[in-house]
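The values are calculated or read from the model by the stated rules, or taken from the named source; none is laboratory data. Note that the structure is predicted; figures quoted are calculated from it, not measured. Neighbour counts are summed over all protein chains in view; Cβ atoms, including those assigned to glycine, are modelled from backbone coordinates with ideal geometry.
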Amino acid sequence: MEKFVIKGGNSLKGEIAVGGAKNAAFPLLASSILTKEDVIIENLPLIEDVFRIIEILEGMGAKAEWIDKRTIKLNTKKLDPKKIDKDIVELLRGSVLLFGPLLARFGKVYLPQPGGCVIGARPIDTHLDAFSQLGVKVKPMKDGFELSLKKKPKEVEVILNEFSPTATENILLFASLMPGPITIKTADQDYQVQELVTVLKKMGVKVSMKGAHTLVIKGKATLKGYKHKLMYDPIEAGTFIIMGAATLGTITVKNCELDFLELLLKRLADFGVQFDITKRQGRRGDVTMYESGDIKIDKIQTLIFPGLASDFQSAFGVLATKSPGSTLLHDPMYEGRLKYLEELNKMGAEIYFTDPHRAIINGPTQLYGTDLGTYDLRGGAALIIAALIARGTSTIKNIYQVDRGYERIEERLQKLGADIQRVS
């Protein structure tokens, strides 16, 4: 087991570059199952979850070749779904995205219940219900599910039970090998879904966005390979931007996908946070965060895209400890995503839970270093921010959760002047 040891209070200065988008990498890696031709993906983040998805594909017989540090070439021509590594699947929530492409290509698939972050109830009922609407037979097994398809669906309309990015992606992947047209309603349209749509079009799939949260897919029996540079990670960018707002000094966050950060940046401006945006190629840019004076946060509510992403909520919770008065924090999606607030209370914060989805944060309060544990990826990143602004030394355990989504974060923060060490 490894942990982070962080001495807080240092002024952070310099540049930090955003890496490839973790949540967009999963469906792209899964899309390699849809073709027997080569798939080349550039700008992959070198993180645990990406390595594990590639390991699952290789275990089934896929050929994976790293062309350079962040570029992989995949070929799944000789894939055998019966060889899937169930132990890895059970650790990784993103493995649920293998359901759609495996079922579309082979007609039958078994997968155990996928794992992931401890952020509340995360059943895959929406996925299974959507597949059932497509004529797929879903058979619950002892530790997972068997899905089988006898007839390819035509002109089917699927209504998702909730705005789920992974359920939307799963049906997109499945529908790509079906004659269609298949319509998905209540579809999520966040950055990872839009990135997958871009890639599927390169493969020969016809995808159109019609109306509010509606996707129409017309697939083909044979799809082409592709080469694609993965977009940069809006969530990682937002984490570093909020970190810059919370800590002293001047930080420039490079490679920000501005289309997916508009509301985040507007809300920070509303709260009194000082920053500049330098636009680069297309809609990409750099965001420079400055030491801000008084900030005032009244309410933070996460919503589906284009609302404020739930993945930003934890970092905002730390920032709210610097705001005078009371801040209402509301995350309607995950009842377990507020667990990190218990750790902030241990550091000296004054936070009250009103129900599993809401909390009141009273501030400003000085945070003090202590021993901390992390339950999930984004909560772990938030505790790093808290430790950086705290007085004294903090230790953060279970940092595997952080490694799942942030590549060698301690080395990148050290270059900004942070006193953070990885200790075995």
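Residue-level check: of (1) part of a strand (DSSP E or B); (2) over 19 Å from Ile41 (Cα atoms), Gly211 misses just (1). Do we find a residue being closer than 22 Å to Gln414 by Cβ and buried (at least 24 other Cβ atoms within 10 Å of the Cβ) anywhere in the range 293-310? Looking for residues that are closer than 22 Å to Gln414 by Cβ and buried (at least 24 other Cβ atoms within 10 Å of the Cβ), one finds none in the range 293-310, hence no. Restricting to the range 166-198, name every residue that is in a helix (DSSP H, G or I) and surrounded by fewer than 22 Cβ atoms within 10 Å (Cβ to Cβ). Selection gives Gln194, Glu195, Val197, Thr198. Could you give me the residue pairs with C-beta distances under 7 Å whose first residue belongs to the range 171-195 and is outside the structural domain of Phe260 (by TED's automatic domain parsing), whose second residue is acidic (Asp, Glu) and in a strand (DSSP E or B) wherever it lies, and which are 6+ apart or on separate chains? Close Cβ pairs (under 7 Å, with a partner that is acidic (Asp, Glu) and in a strand (DSSP E or B)) amount to Thr183/Glu157; Lys185/Glu157; Tyr191/Glu257. Restricting the range 314-334 to residues that are farther than 15 Å from Tyr352 by Cα and surrounded by fewer than 16 Cβ atoms within 10 Å (Cβ to Cβ), the residue that is farthest from the chain's Cα centre (by Cα) is Pro324. Looking at Ile33, Ile88, Ile6, just one residue is β-branched (Val, Ile, Thr) and surrounded by fewer than 22 Cβ atoms within 10 Å (Cβ to Cβ), and that residue is Ile88. Pairing each residue of the range 196-224 that is closer than 22 Å to Phe305 by Cα and of a type in the set (S, T, N, Q) with any residue that is part of a loop (DSSP other than H, G, I, E, B) and modelled with pLDDT of 95 or more, provided the two are 6+ apart or on different chains, yields C-beta distances under 7 Å for Thr214/Ala187. Does the range 279-292 hold any residues that are surrounded by fewer than 22 Cβ atoms within 10 Å (Cβ to Cβ) and assigned to a strand (DSSP E or B), and which are they? Correct list: Lys279, Arg284, Gly285, Asp286, Thr288. Of all residues in the range 90-110, those being touching a Leu at 6+ places or on another chain (Cβ under 6 Å) and of a type in the set (Val, Ile, Thr) number 1. Residue count for the range 266-287, restricted to those that are within 20 Å of Ala309 (Cβ to Cβ) and in contact with a Gly (Cβ under 9 Å, 6 or more places away or on another chain): 4.
Mind checking which pairs have a first residue in the range 152-169 that is basic (Lys, Arg) and a second that is assigned to a loop (DSSP other than H, G, I, E, B), Cβ under 6 Å, 6 or more apart or different chains? So the pair list comes out as Lys152/Met178; Lys154/Pro179. Taken together, the criteria place Ile297 among residues that are under 23 Å from Ser11 (Cβ atoms), of a type outside the set (D, E, K, R) and not assigned by TED's automatic domain parsing to the domain that holds Asp190. Against the test of being within 17 Å of Leu383 (Cα to Cα), at pLDDT 95 or above and of a type outside the set (Ser, Thr, Tyr), the options Leu263, Leu328, Leu341 yield a single qualifying residue, Leu341.
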